[in-house]
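> One structure, pasted below without further comment.
Coordinate-derived values only; no laboratory data. Bear in mind that the values here come from a model prediction, so they are computed numbers and not experimental data. Here the Cβ positions follow ideal geometry from the backbone for every residue, glycine too, while neighbour counts run over all protein chains shown.
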Amino acid sequence: MFRGRFEHTLDGKGRLSIPSRFRETLNERYDPRLIVTKYDGCLVAYPFTEWQKLEEKVLALPQFNKDSRKLLRIFCSSATECAIDKLGRILIPQTIREYAKLDKEVMLIGALRYVEIWSKEAWDTLEADTTEGEVVDTLERLGL
């Protein structure tokens, strides 16, 4: 599982170093491929096998349903397979970097089955706008 948060720098070519702890998780539980797509103001990086599970669920959705088609068009169409190079980096395509407003300072957030990739500015804003009470209330509502 992916846990923790790490601040990294995106290089001029759009390459991002994956934290060693996350690479260890990939090597132990998955293979070293990530599927990166845009979602909710950030990018999400799924291990290939976790993405395949998600694809199976999407394939089971009604083909002629408007919401299903929208999901396929937006969420799935921006999905890109990103291999981790010898230096532990992935190359993030410019179009999805722009969506998440990734510039130089980047936050990688472990979200158990996947990793969220945020611009540091957007992450800092999200974190500042979220109170501890909101987190506690959400945990209670979800029965956790």
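> Once you put a point 7 Å from the Cα of Arg113 and another 7 Å from the Cα of Glu24, both along the Cβ direction, what distance in nm separates them?
Simple spin-label model gives 2.4 nm for this pair.
> A further question follows. Using a simple spin-label model with points 7 Å from Cα along the Cα→Cβ vector, what separation in nm is obtained for Gln63 and Ser77?
1.9
> While we're here: With a 10 Å cut-off between alpha carbons and a GNM built on the chain, which of Val106, Val36, Val58 moves the most?
Between Val106, Val36, Val58, it is Val58 that shows the largest mean-square fluctuation.
> Still on this model: Going through the cross-link list Lys70/Lys101; Lys57/Lys101; Lys13/Lys38; Lys13/Lys101; Lys38/Lys120, which pairs have a Cα-Cα distance over 26 Å in this structure? Each step should come with its number before you reach the end.
Numbers: Lys70/Lys101 22 Å; Lys57/Lys101 29 Å; Lys13/Lys38 19 Å; Lys13/Lys101 15 Å; Lys38/Lys120 16 Å.
Pairs exceeding the cut-off: Lys57/Lys101.
> Once R0 is set to 30 Å, what does the formula 1/(1 + (r/R0)^6) return for the Cβ-Cβ distance between Leu87 and Met1, expressed as a FRET efficiency to the nearest 0.05?
On the way: r = 24 Å, r/R0 = 0.81.
That pair, Leu87 with Met1, gives E of 0.80.
> Separate question: Aspartates and glutamates near Lys66 by alpha-carbon distance under 19 Å, same-chain residues fewer than 8 away left out - which ones?
Candidates past the 8-residue exclusion: Glu55, Glu56.
> Once the piece of chain linking Glu134 and Glu98 is laid out straight, how much longer is it, given 0.36 nm per residue of separation minus the C-alpha distance between them? Each step should come with its number before you reach the end.
Working: separation 36, 0.36 × 36 = 12.96 nm, distance 2.95 nm.
Residue separation times 0.36 nm, minus the Cα-Cα distance, leaves 10.0 nm.
> So what is the relative contact order for the chain, in percent, with contacts set as C-alpha pairs under 8 Å and at least six apart? Let's see the in-between values first.
Values: 208 pairs, mean separation 50.8, N = 144.
It rounds to 35 percent for the chain.
> Are there chymotrypsin sites (Phe, Trp or Tyr not before Pro) in segment 18-127 that DSSP puts in a loop and that have at most 12 other Cβ atoms within 10 Å, and which ones?
On the way: sites: Phe22, Tyr30, Tyr39, Phe48, Trp51, Phe64, Phe75, Tyr99, Tyr114, Trp118, Trp123; in loops: Tyr30, Phe64, Tyr114.
Here the sparse-neighbourhood loop sites are Phe64.
> Please list, short to long, the whole-number percent of alpha-carbon pairs of segment 40-116 in consecutive 5 angstrom bins beginning at zero.
Distribution as computed: 3, 12, 21, 25, 19, 11, 5, 2, 0 percent.
> Let me ask something additional. Classify segment 5-141 as rounded, prolate or oblate from the Cα gyration tensor: take a ≥ b ≥ c as the square roots of its eigenvalues, call it rounded if a/c is under 1.5, otherwise prolate when a/b beats b/c and oblate if not.
Working: a/c = 1.42, a/b = 1.09, b/c = 1.31.
Note, shape of segment 5-141 comes out rounded.
> Where does each of 136-144, 84-92 land if you order them by average Cβ count within 10 Å, highest first?
Numbers: 136-144: 8.6, 84-92: 15.6.
Listed from highest to lowest mean packing, they are 84-92, 136-144.
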